[in-house]
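The values are calculated or read from the model by the stated rules, or taken from the named source; none is laboratory data. Bear in mind that the values here come from a model prediction, so they are computed numbers and not experimental data. Here the Cβ positions follow ideal geometry from the backbone for every residue, glycine too, while neighbour counts run over all protein chains shown. When the accessible area is computed, the model is the full protein with side chains, heavy atoms only, and any ligands, DNA or RNA have been set aside. Shrake-Rupley method; radii C 1.70, N 1.55, O 1.52, S 1.80 Å.
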Amino acid sequence: MTARQRTVSGMRPTGPLHIGHYFGALKNWVAMQDETEALFFVADWHALTSDYADTSRIDEYVREMVVDWLSVGLDPARCAIYRQSEVKQTAELHLILSMITPLGWLERNPTYKEQQQEITSRDLGNYGFLGYPVLMASDIIQHRPQWVPVGQDQLPHMELTREIVRRFNHLYGEVFPEPQARLTPAAKCPGLDGRKMSKSYGNGIFLKDSLADIEPKVKTMFTDPARLRRSDPGSPEKCNLFPYHTLMTASETQAEIRQGCAAATLGCVDCKKIFLKSLEAFLAPLHERRASILARPRLVDEILMDGNAKARESAEETMRLVRDAVHLV
Ligand code: TRP
């Protein structure tokens, strides 16, 4: 019998998760906890690569992120949920991998160049920021998984991980399988104002938002900019709201909306009312789970303790092979 395949993935704890995180990643994670043996971690060390100057809220963000994960249906009985910095083996592996990773690979990394240019509010000239993909490779391969569910933007990091694996195996013998990215089908989730949905733009619909929070947000959502009057026909393709109907509204209703918009028989206000209903139906089970999680104040700690122990065990097993292969103790 073949062993169950493994999945590993993580997210940086930088604030509350929004519906873009759900459709872009978490939905896939929830599916993979049943298909494979899955480990998901909160990447608190990774948060330091760019936010090292102020770490005061990191503990709060870690906990909030776990609550968000549980609310969408990640289930600690079916996957391990842990905190990166609780598994010190990751740092040991990172040190070894940093010795065999050529600087040129890191300097050529497109995300490195891009973020150096884009993020001007903080100084990103630090060693850890350049080494981000080496730490990410360590996170992944310490559990020797086959699968890593990530978004398109992480593909360069996945390629680097595979290159590091090949180099390690070439130098020291076959210890690691080459992990593969498992892409989340591209879900278009624009923010309320049409830009990318992001906490820092203040244009997000968050998983924890109450119905009272979402109603005014949906009212401000941009629709087809060419549709100035109710009597103007619109095009769902140019509308910022319509992609959400494709994710959350029943397909017959979607077809009616398409027609009604194009024929100007359905106005944006009514279309938003339909969306609000879909959103409420989507969020209701999440809010129910959230309430029962928050009613048990020790739960998140217990889940993390259990997940940390499982992750440590798996990482330690790999590290024994690594230390052996590299002739270290
Ligand atoms: N780099 C990922 C992101 O920004 C987060 C991450 C860190 C990760 N380590 C990982 C994702 C390991 C998958 C596997 O989204």
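Quick notes on this structure:
- For the chain, the 222 nm mean residue ellipticity estimated from helices alone, with every DSSP H stretch of n ≥ 4 adding -39500 (n - 2.57) and the total spread over all residues, rounds to -16500 deg cm²/dmol.
- Among Ser235, Ser138, Ser200, the residue with the largest mean-square fluctuation in a Gaussian network model of the chain, with springs joining Cα atoms closer than 10 Å, is Ser200.
- Pairs from Lys113/Lys272; Lys113/Lys219; Lys188/Lys310; Lys27/Lys217 whose Cα-Cα separation, in the structure shown, is over 31 Å: Lys113/Lys272; Lys113/Lys219; Lys188/Lys310
- Since only Leu228, Gly151, Leu192 are under comparison, the one whose Cα sits farthest along the positive direction of the charge dipole of the stretch 106-238, derived from C-beta charges on Lys, Arg, Asp and Glu, is Leu228.
- In order along the stretch 104-120, the Karplus-derived 3J(HN,Hα) couplings, from 6.51 cos²θ - 1.76 cosθ + 1.60 at θ = phi - 60°, round to x, 4, 6, 5, 7, 4, x, 5, 5, 4, 4, 5, 4, 6, 7, 8, 9 Hz, and Gly and Pro are given as x.
- For Lys208, a cut-off of 19 angstrom between C-alpha atoms picks up these aspartates and glutamates, skipping any fewer than 8 places away in its own chain: Asp59, Glu60, Glu64, Asp68, Asp75, Glu280, Glu288.
- When both the stretch 150-212 and the stretch 228-307 are represented by their alpha-carbon centers, they are found 23 Å apart.
- Of Arg162, Arg289, Arg57, the one that fluctuates the most in a GNM where the chain has Cα springs shorter than 10 Å: Arg57
- Average accessible surface area per residue within the stretch 203-308, 1.4 Å rolling probe, Å²: 54
- Within the stretch 184-232, the trypsin sites (Lys or Arg not before Pro) that combine a DSSP coil assignment with at most 14 other C-beta atoms in a 10 angstrom radius are Lys188, Arg195, Arg229, Arg230.
- Cα pair count fraction exceeding 36 Å, expressed as % - the chain: 27
- Förster radius 25 Å - calculated FRET efficiency between Glu237 and Glu280 (Cβ-Cβ, nearest 0.05): 0.45
- Value of relative contact order over the stretch 173-274, rounded to a whole percent, pairs C-alpha under 8 Å and six or more apart: 22
- Length released on extending from Leu183 to Glu107, taking residue separation times 0.36 nm less the Cα-Cα span: 24.9 nm
- Largest GNM mean-square fluctuation among Thr184, Thr253, Thr14, using the chain with Cα springs under 10 Å: Thr253.
- Integer Hz, Karplus 6.51/-1.76/1.60 couplings in order for the stretch 308-322, x for Gly and Pro: 4, 5, 5, 5, 4, 4, 5, 5, 5, 4, 5, 5, 4, 5, 5
- For the pair Glu159 and Tyr127, a Förster radius of 30 Å applied to the C-beta separation gives a FRET efficiency near 0.90, rounded to the nearest 0.05.
- The stretch 9-62, accessible area per residue, ligands and nucleic acids excluded (1.4 Å, Å²): 36
- Spin-label pair Asp59/Thr246, simplified geometry with 7 Å Cα→Cβ offset, distance in nm: 4.4
- Note on the chain: with neighbouring protein chains present and a 1.4 Å probe, carbon and sulfur make up 54 percent of its accessible heavy-atom surface.
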